[in-house]
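The structure under discussion appears below in the form of structure tokens.
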Amino acid sequence: MLHEPAVTVGKDNAAARKSKLGVILFIAYTIIYSGFVLIGLTKPEIMGIQLIGGQNIAIIYGFGLIVLAIIMGFIYNYFCTKMENEMDKN
Amino acid sequence: MIYEVSNLAIIIFLSIVGLVLGLSFYFARKTKSAAGYYAAGGNIHWGVNGVAFAGDYLSAASFLGICGMIAYSGYDGFLYSIGYLAGWVVALFLVAEPMKRLGKYTFTDALDAKFDSKSIKLTAAISTLIVSIFYLIPQMVGAGDLVVPLLGLPHWMGVVIVGSIVILIVATAGMTSTTYVQFIKGALLVVFSTILTIYILNNGLTLTPNENYHKFISTEAVVTNDTIVGVSDPSFLVITTKVVDNMVFVKLEKEGASCWYKLNKTESKATLEEMLYTSETEDGTKLYNGAPKSDGKFYQVGHLNKIIVDGKEVEQTGPVGPFEFLTTIENSEIVRFSKKVFKDGEEKVTVWYQNVTKGVDVMKPGLLYKLSKAAGATIWDKLNFLSLMLALFLGTSALPHILIRYYTVSSQRAARKSTIVAIAVIGFFYILTLYMGLGAMISGVLDVESSNMSGPLLAKSIGIGLFSIISAIAFATVLGTVSGLIVASSGAIAHDFIDKYLQIPMTDKAKVNAGKFSAIGVGIFAICLGILFKGMNVSFLVGLAFAVAASANLPAILFLLFWKKTTAKGIAYSIVVGIVSSIGIILFSPTMYEKYGLIAKNAPIPLDNPGIISIPLSVITLIVVSLLTQKHNATKDFDR
């Protein structure tokens, strides 16, 4: 039947807790991303200041945002899998 | 000649196209049901789906557009990489699992799961179509750009070829073949971009990009009472002088051949510096540096003016590490080529003058987006920047062709895991874009007429083999993304509109056929748009698609998931307001004014990126309308 999902998704007891964790991590990342945008808007000259190993803030912050997204993804998956294993087993 | 056709390039290109079509015909035999056509049966492994996500997402905008933007505007192009990747955080933490839980085949299904509202079905289907078409335009433009050097065909032929192949892919096997095309292309793109980056680092930085690099002439001008009366080299004759935006351009003639120079004046002397230029007469004749294009007088450009290592000037660095590469560019000086257009009598003249730029300015925002007071930034410049970063962050998780990929996996856990694989692959690729873009900027490979070709031309400077492979992958990149977009669009027409909104009774087979015919229609429409929008930077165009998606779709998705008072009417109205306001602002923006042949400064809305206005408008509409229609809310069906 066309209106049904391609596959049936089982009940997820951990959905609420996973959603809460997702919102917390989203807010944390948004604050850090907003910091990057705010520096660009208000004090763009700060972006050119060299920090570690001759790299400027623009590079460190930019690369940092990309790497942080990957790390936070792994953390999120670790805790979600743990919650699913605990709650869906019960 | 910047572009020459090679047999190897044609063989590699045809092999990739053959592989893609072979896959499609193979899967076509297995695709008999609607579930198979729209969602690949929901049985794709999360690892494959994750790489396919990357293949879907890393479109022509990412490889061609971002590399090109970085090559011309430095760090400002990298802002797109950061924003595009950050958008996946919204997808992973807020959208991925609920979308999988609520949806069936399309984004509209998920949005309508709670309400069963006709107004949501209609507006979400229209929104899917509009966003997908906005996203399709740059892919088709990029395809056209690619076939010019790869196969020696005109731009429009490239657009037609891509359109035809994609129609075949989608019309044969729908989401299954699309998934594997995207998987293969995503993997190949990352592998060969890594190879290209390793080559750039291994080559290091040098003042002479290659032995054939053009040495630009510089000659002293004789100035009397602020007027150029001659040139120190008597073989030059001064023909005419033009002042454009406080810059003086001078047309000189030597031995019957003319060329445009730029006047650079200091207190002690005035020099004239050779430029690249094209001149176009009213009958359409176009000359490149005063000669037909085939004469090869229009050079590839982009070089370093000074290389500073440990405070000393050097001619070359030798192999460098990834961080050393960035620091050396930051401490050095780069010659970029900036564009000006003016009229000389009946001729339209476009010049590209040498613009010596400090590495510190290249390696931070500001060359494209004016942000500091020193650069003359206005409030609108800052709003443009804020608007772009907002749209990129919020747009990803609202793109219908990305969202439908959640229905190709078996569970919420698989949806989450495939998103994480996608973030890792895409994040790694976006870091590489900085190296590929900067590498192109300083390697004397740029074709000033096509920023989109910076990446492939960098590969060409290494060898025709790598160029052929990279171009063929870039072409496959377009195929993969366009396939996803056409699946999403055909789903919007056949599944959301014809089947669910109009409720026309159809058998399962008829539904698949409706999807296929819709795919053909959208494909033909995309071909026409690709030809019409030739010459625009593909990343800029994709930025606009993100803005429309973030304005029309994201408020609806997030409020549906996180605000219990959301009503069907609230969602439908917010989608309409998001679409109308974002497209309205785009149509009256400076860039579009330029496209219409009008003066950009006269545009009534001085914003190129609409998100900063259209996203809040859409959110406010959703809240207000939902609050006003509370009595119809909860499980009640408003529209039936």
Considering each residue of region A:19-68, count those that are more than 13 Å from the chain's Cα centre (by Cα), in a helix (DSSP H, G or I) and within 7 Å of chain B (Cβ to nearest Cβ), and give that number. 13
Among the numbered criteria (1) buried (at least 16 other Cβ atoms within 10 Å of the Cβ); (2) of a type in the set (Lys, Arg); (3) under 25 Å from the mean Cα position of the chain (by Cα), which one does B:Lys339 miss? (1)
Just one of the numbered conditions (1) open to solvent by less than 60 Å² (accessible area, probe 1.4 Å); (2) free of Cβ contacts under 8 Å to residues at least 24 places away in the same chain; (3) more than 30 Å from B:Val309 (Cβ to Cβ) is not true of B:Asn264; which one? (3)
If B:Lys364 satisfies all but one of (1) buried (at least 22 other Cβ atoms within 10 Å of the Cβ); (2) more than 28 Å from B:Val89 (Cβ to Cβ); (3) facing chain A (nearest Cβ under 8 Å), what's the number of the condition it fails? (2)
Given the conditions (1) out of contact with any Asp or Glu (no Cβ under 6 Å at 6 or more places or on another chain); (2) modelled with pLDDT of 90 or more; (3) away from every other protein chain (no Cβ under 14 Å), and given that B:Val309 satisfies all but one, which numbered condition is not satisfied? (3)
Just need a number here: residues in region B:51-78 that are open to solvent by less than 10 Å² (accessible area, probe 1.4 Å), under 22 Å from B:Val421 (Cα atoms) and part of a helix (DSSP H, G or I). 12
When you look at B:Thr635, is it at pLDDT 90 or above, hydroxyl-bearing (Ser, Thr, Tyr) and surrounded by fewer than 20 Cβ atoms within 10 Å (Cβ to Cβ), yes or no? no
Keeping to region B:316-356, report how many residues are within 13 Å of another protein chain (Cβ to nearest Cβ) and of a type in the set (Val, Ile, Thr). 4
If B:Lys121 meets every condition in (1) within 14 Å of another protein chain (Cβ to nearest Cβ); (2) surrounded by fewer than 22 Cβ atoms within 10 Å (Cβ to Cβ) apart from one, which number is that one? (2)
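Among B:Val48, B:Val131, which is the only one that is more than 13 Å from every other protein chain (Cβ to nearest Cβ) and farther than 15 Å from B:Leu403 by Cα? Steps first, please.
Details: B:Val131 fails: farther than 15 Å from B:Leu403 by Cα.
After applying the criteria, what remains is B:Val48.
Of the residues B:Leu371, B:Leu403, B:Leu390, which is within 30 Å of B:Tyr105 (Cα to Cα), crowded, with 18+ Cβ neighbours inside 10 Å and either at pLDDT 90 or above or not assigned by TED's automatic domain parsing to the domain that holds B:Ile133 (or both)? Walk me through it before giving the result.
Numbers: B:Leu371 fails: within 30 Å of B:Tyr105 (Cα to Cα); B:Leu403 fails: either at pLDDT 90 or above or not assigned by TED's automatic domain parsing to the domain that holds B:Ile133 (or both).
It is B:Leu390.
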Can you spot a residue in region B:281-300 that is assigned by TED's automatic domain parsing to the domain that holds B:Thr350, more than 18 Å from B:Ser443 (Cα to Cα), in a strand (DSSP E or B) and open to solvent by 50 Å² or more (accessible area, probe 1.4 Å)? yes
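For region B:547-633, list the helices (runs of 4 or more DSSP H) that sit wholly inside it and hold at least 2 residues that are within 14 Å of another protein chain (Cβ to nearest Cβ); which are they? Walk me through how you get there before you give the answer.
Values: elements: B:554-562, B:568-587, B:590-595, B:611-628.
Because the criterion is at least 2 residues that are within 14 Å of another protein chain (Cβ to nearest Cβ), the helices (runs of 4 or more DSSP H) in region B:547-633 that meet it are B:554-562, B:611-628.
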Condition test on B:Leu326, is it open to solvent by less than 40 Å² (accessible area, probe 1.4 Å) and either assigned to a strand (DSSP E or B) or farther than 24 Å from B:Ile442 by Cβ (or both)? no
Tell me yes or no: at least one residue of region A:22-34 is touching an Asp or Glu at 6+ places or on another chain (Cβ under 9 Å), surrounded by 15 or more Cβ atoms within 10 Å (Cβ to Cβ) and at pLDDT 90 or above. yes
Which numbered condition B:Gly345 misses (of (1) in contact (Cβ under 8 Å) with a residue 12 or more places away in the chain; (2) more than 24 Å from B:Gly455 (Cα to Cα)): (1)
Among B:Lys516, B:Lys564, B:Lys534, which is within 25 Å of B:Ala171 (Cβ to Cβ) and surrounded by fewer than 23 Cβ atoms within 10 Å (Cβ to Cβ)? B:Lys516
Cβ-Cβ under 9 Å, sequence separation 6+ or interchain: first residue in region B:414-434 and within 7 Å of another protein chain (Cβ to nearest Cβ) and over 15 Å from B:Thr396 (Cβ atoms), partner open to solvent by less than 10 Å² (accessible area, probe 1.4 Å) and not in a helix (DSSP H, G or I). Which pairs? B:Lys417/B:Val409
Qualifying residues in region B:433-488 (those that are modelled with pLDDT of 85 or more and not in a helix (DSSP H, G or I)) - the one farthest from B:Val335 (Cα to Cα): B:Glu449
So which residues in region B:221-238 are within 11 Å of B:Thr271 (Cβ to Cβ), small (Gly, Ala, Ser) and open to solvent by less than 50 Å² (accessible area, probe 1.4 Å), if there are any at all? B:Ala221
Please go through region B:313-323 and give me each residue that is surrounded by 14 or more Cβ atoms within 10 Å (Cβ to Cβ), in contact with a Gly (Cβ under 9 Å, 6 or more places away or on another chain) and not in a helix (DSSP H, G or I), ordered by number. B:Thr317, B:Val320
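The values are calculated or read from the model by the stated rules, or taken from the named source; none is laboratory data. Treat the numbers as computed from the prediction; the structure is a model and nothing was measured. Note that we place each Cβ from the backbone using ideal geometry, even for glycine, and neighbour counts take in every protein chain shown. Accessible surface is based on the protein model in full, side chains and every heavy atom, while ligands, DNA and RNA are left aside. Shrake-Rupley method; radii C 1.70, N 1.55, O 1.52, S 1.80 Å.
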